[in-house]
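Q: Before we start, here is the structure in question, set down as structure tokens.
Quick note: the coordinates plus some simple rules give every number you see, no bench work behind them. Everything numeric in this text was worked out from a predicted model, so none of it was measured. Here Cβ is always computed from backbone atoms with ideal geometry, including for glycine, and neighbour counts include all displayed protein chains.
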Amino acid sequence: MAKSLVIVESPAKVKTINKILGTKFKVTASMGHLIDLPKSTLGVDIDHEFLPKFIAVRDKQKTLAKLKKEAKDVTDIYIATDPDREGEAIGWNLIQHIAEGKTIH
């Protein structure tokens, strides 16, 4: 199996973190938010306990597909988003949408 995957928010951080971690890790960026509630509807299913309906952000579908592909080849994923509420939301979405069956750190 390949390297462990480290996902940061900003592409500006990728090169620096890659130098620090070395070749055992593949560092990539989420480029910010990937998942959101749809703007065209309420965003929740009122008939089923108000469950949220998340969709890929329109211009981030390629980024999401790229991250899913990179995640296929690893066993461990390190979520290294910013330590704020936006970073927490991005990290949660990454775990929900690309990390199935992987060890998350």
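Q: Keeping to region 20-45, report how many residues are of a type in the set (Gly, Ala, Ser), in a loop (DSSP other than H, G, I, E, B) and closer than 19 Å to Ile90 by Cα.
A: Of the residues in that region, 3 qualify.
For every residue, the table says whether it meets (1) of a type in the set (Asp, Glu); (2) more than 16 Å from the chain's Cα centre (by Cα).
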| position | (1), (2) |
| --- | --- |
| Ile7 | no, no |
| Thr23 | no, yes |
| Lys39 | no, yes |
| Asp45 | yes, yes |
| Glu49 | yes, yes |
| Ala56 | no, no |
| Lys66 | no, no |
| Val74 | no, no |
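Q: Do the conditions hold for Leu94, that is, is it surrounded by 16 or more Cβ atoms within 10 Å (Cβ to Cβ), of a type in the set (A, V, I, L, M, F, W, C) and out of contact with any helix residue (DSSP H, G or I) (no Cβ under 6 Å at 6 or more places or on another chain)?
A: When the stated conditions are applied, Leu94 passes them.
Q: Still on this structure, I have one more. Taking the criterion of being in contact with a His (Cβ under 9 Å, 6 or more places away or on another chain) and either closer than 19 Å to Ile104 by Cα or surrounded by 17 or more Cβ atoms within 10 Å (Cβ to Cβ) (or both), would at least one residue in region 65-73 satisfy it?
A: Scanning region 65-73 turns up at least one residue that is in contact with a His (Cβ under 9 Å, 6 or more places away or on another chain) and either closer than 19 Å to Ile104 by Cα or surrounded by 17 or more Cβ atoms within 10 Å (Cβ to Cβ) (or both).
Q: Shifting gears a bit: Quick test for you: out of Thr81, Thr103, pick the one residue that is among the polar types (S, T, N, Q), surrounded by 13 or more Cβ atoms within 10 Å (Cβ to Cβ) and under 22 Å from Lys3 (Cβ atoms).
A: Result of the check over Thr81, Thr103: Thr81.
Q: Check whether at least one residue in region 53-62 is part of a strand (DSSP E or B), of a type outside the set (D, E, K, R), closer than 17 Å to Glu100 by Cβ and in contact (Cβ under 8 Å) with a residue 12 or more places away in the chain, and report yes or no.
A: Within region 53-62 (the criterion being part of a strand (DSSP E or B), of a type outside the set (D, E, K, R), closer than 17 Å to Glu100 by Cβ and in contact (Cβ under 8 Å) with a residue 12 or more places away in the chain), the answer is yes, since at least one residue qualifies.
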